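Let me begin by presenting the structure, written as structure tokens, before commenting on it.
The values are calculated or read from the model by the stated rules, or taken from the named source; none is laboratory data. Given the structure is predicted, the values throughout are model-derived calculations rather than measurements. A quick note on method: Cβ atoms are made from the backbone with ideal geometry, for glycine too, and the neighbour counts reach across all protein chains shown.
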Amino acid sequence: MSGAAPTIDWTPSDQYPENTCECACGATYRSHTKAVMIDGSFRLVARRACPGCGRTVGNVWMARSDPETMTIRGKR
């Protein structure tokens, strides 16, 4: 696996909160993420480098989004 970071336009992600990422090195941090095909398999790519190991490709093993905020209203 080459593990080269693909070129990703992160602009569409700017309107959403970052995900909570867990890295294989043990670090947990916040970043936008995207699943991309690299060398024939899907890998999670993080927008920000991991503070523990400095990687953005292939080391994020889990990314969780925040709960969705909803407003529920009754009839007036």
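Being over 12 Å from the mean Cα position of the chain (by Cα) and at pLDDT 95 or above is the filter; apply it to the range 27-51 and report the residue that is farthest from Pro6 (Cα to Cα). If you could, list the steps in order and put the result at the bottom.
Of the residues in the range 27-51, the ones over 12 Å from the mean Cα position of the chain (by Cα) are 27, 37-42, 51.
Filter again for at pLDDT 95 or above, leaving 27, 51.
Details: Ala27: 22, Pro51: 20 Å.
Among residues in the range 27-51 that are over 12 Å from the mean Cα position of the chain (by Cα) and at pLDDT 95 or above, the one farthest from Pro6 (Cα to Cα) is Ala27.
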### Query
How many of the residues making up the range 28-52 are farther than 26 Å from Thr11 by Cβ and among the hydrophobic types (A, V, I, L, M, F, W, C)?
0
